[in-house]
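Working notes, structure below.
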Amino acid sequence: MKTILTLFLALFVASVPVMAQQDADRETMPDSPESVARLDSLVASAMNIEDYKLALSLRTRQVDMLGRLNGTADSAYVSTYATLAPLHYRAGDLASAIAVADSAAAMYAARVDSTDARYAFIVDNLGFYQASAEQYEAAEANARKALAVYEKFYRNDNDMAVILLHAAEACAGNGNAADAVAFELRGMNIIRQLYGEHSSNYTDEAEYLEAYYRLAGDDAKADELRSRVARLKAEAADGVMDIPSPAYVNTAERARWFNLQAAACATFLLRTAPADVERTNVCAFLWAWVAKSPDVNVTVGTVVAKAAQTPHGEMLMMAYAAAVIKDALARKDPTMTDEDYAEAAVQMVDYYNRNKDYFGKNGVMEDYAKLVRKGDFKKMFIEQGREDDKKEHVQIK
């Protein structure tokens with residue numbers, strides 16, 4: 001499979017500006033919580049510029065300091081110690097990555113918890129390093145151990161997919177082709193649900209499934225998969241994309257991963273009959289995305305709120321939101337003027353006009369349509385918005 005590390009390392013790397021310098025590891029610091037935080041920040045900066053040897057040196061200092069401050073039995077010490085393994089791996093020292101991950105797994109199980117998700121990530125990474133070193137028997141054993149722990153949480157998330165794909169790779173290396181296929185299929189099914197079958201996450205991983213099919217002697221399925229992946233890649237090149245699972249758009253970072261899909265879904269909604277939109281999960285995805293995205297602010301005042309209270313008003317609200325999303329993403333700026341929001345509301349009225357067979361006639365929208373035809377709608381919208389600002393307005397966040 002592609003080189004993927006579970007998200008364990010990210011738990012300890014904050015998003016900070018790039019500021020690490022080559023002499024950062026020589027900075028004199030007293031043993032204190034503030035110095036621990038300072039070192040964490042420097043590690044993140046070194047990671048941002050992909051200086052993994054510097055990051056490793058700084059993290060080692062941090063681990064030693066935590067040991068002196070809190071003792072080596074402390075959970076913060078053990079958890080931070082475990083992050084040395086991915087840094088050894090990224091610095092090109094596979095033997096040390098294996099040794100540190102092995103000791104970290106034993107330490108974490110004895111001093112913290114052998115049943116939590118973090119333990120599963122440590123053991124999964126250990127198995128991944130062992131597979132990279134072609135120690136497939138040990139890699140398979142640890143992959144299965146990590147899977148047994150993480151399965152108990154019933155999370156079909158990206159971490160579960162990674163653990164399954166690592167298990168598949170270890171099984172294949174160990175000659176266990178049938179389980180390699182089974183684990184790969186489970187992992188790819190999660191990737192398909194999260195990212196879509198047209199995503200590169202899915203089609204790139206399919207190459208490994210094809211290899212596992214051939215290892216299992218099933219050339220027919222391998223050939224069928226190759227043809228299907230070729231079709232998916234061609235469709236993706238033509239602009240076809242899948243709608244991500246709304247449940248997965250649960251952080252600002254993940255929302256930003258799906259900006260292209262959000263823009264495409266907004267365009268689709270504005271161009272498509274509401275009844276056809278309702279047969280998809282476009283609306284569910286867009287609302288989940290809007291709630292977490294730092295790249296758009298959908299504010300709703302009296303004018304849009306009245307439209308939302310009319311028959312099928314949820315689709316009018318959705319059309320307004322889609323217009324805001326398109327504009328903000330096209331400009332790459334979530335800051336919008338009153339005029340910008342007024343234009344989005346005009347597009348909502350246009351959506352109503354084009355789909356009266358679905359919405360039916362209602363007084364509110366007919367009044368808005370008349371104002372649009374007269375050229376007075378935007379002025380009314382902006383004036384009402386200023387009145388709303390004196391009271392309250394709703395920001396969908």
(message) What lysines does LYS53 reach when the alpha-carbon gap must be under 22 Å and sequence neighbours fewer than 8 apart in one chain are set aside?
(response) none
(message) In Å and on Cα atoms, what radius of gyration and Dmax does region 69-144 show?
(response) 12.0, 39
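If region 83-222 were replaced by its equivalent ellipsoid, with semi-axes equal to the square roots of 5 times the Cα gyration tensor eigenvalues, what would those be, largest first, whole Å?
Equivalent ellipsoid semi-axes, largest first: 26, 17, 14 Å.
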(request) Determine which lysines satisfy two conditions relative to LYS221: a Cα distance under 27 Å, and not lying fewer than 8 residues away in the same chain. (result) LYS2, LYS233
(message) Which lysines, if any, have their Cα less than 18 Å from the Cα of LYS361, not counting same-chain residues under 8 positions apart?
(response) LYS306, LYS370
(request) Towards the positive end of the charge dipole of the chain, with charges on Cβ (+1 Lys, Arg; -1 Asp, Glu), say which of TRP287, THR83, TYR108 has the farthest Cα. (result) TRP287
(request) Return the long-range amide H neighbours of VAL298 (sequence gap of 5 or more, or a different chain), with a cut-off of under 5 Å between placed amide H atoms. (result) ILE396
(message) Relative contact order for the chain: what percent, with Cα pairs under 8 Å and sequence separation of 6 or more?
(response) 9
(request) May I ask you to compute the full-extension gain from ASP350 to ARG373, defined as 0.36 nm times their residue separation minus their alpha-carbon distance, rounded to one decimal in nm? (result) 7.2 nm
(request) Quick one: Debye curve from the alpha-carbon atoms of the chain only, equal weights, vacuum; give me log10 I(q)/I(0) at q = 0.06, 0.07, 0.10, 0.13 Å⁻¹ to two decimals. (result) -0.35, -0.47, -0.83, -1.08
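Starting from the Cα gyration tensor of region 268-397, take the square roots of the eigenvalues, sort them a ≥ b ≥ c, and report rounded, prolate or oblate (rounded when a/c is under 1.5, otherwise prolate if a/b is larger than b/c, else oblate).
Oblate, since a/c reaches 1.5 and b/c is not below a/b.
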(request) At q = 0.11, 0.16, 0.18 Å⁻¹, work out log10 I(q)/I(0) for region 142-277 with the Debye formula, treating every Cα as an identical point scatterer and leaving solvent out; two decimals please. (result) -0.48, -0.90, -1.04
(request) Enter the accessible area of VAL304 (Å², nearest 10), with the probe set to 1.4 Å and all protein chains included. (result) 0
(request) Please give the contour-minus-distance gain from ALA263 to GLN384: 0.36 nm per residue of separation, less the Cα-Cα distance, rounded to one decimal in nm. (result) 40.8 nm
(request) Just name one of GLY375, ASN201, GLN261: the one whose Cα is farthest towards the positive end of the charge dipole of the chain (beta-carbon charges, Lys/Arg +1, Asp/Glu -1). (result) GLY375
(request) Give the ranking of GLU140, GLU34 by solvent-accessible surface, highest area first, calculated with a 1.4 Å probe. (result) GLU34, GLU140
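The values are calculated or read from the model by the stated rules, or taken from the named source; none is laboratory data. Note that this is a predicted model, so its numbers are computed, not measured. A quick note on method: Cβ atoms are made from the backbone with ideal geometry, for glycine too, and the neighbour counts reach across all protein chains shown. Note: accessible area is taken over every heavy atom of the protein model, side chains too, but ligands, DNA and RNA are not part of it. Shrake-Rupley method; radii C 1.70, N 1.55, O 1.52, S 1.80 Å.
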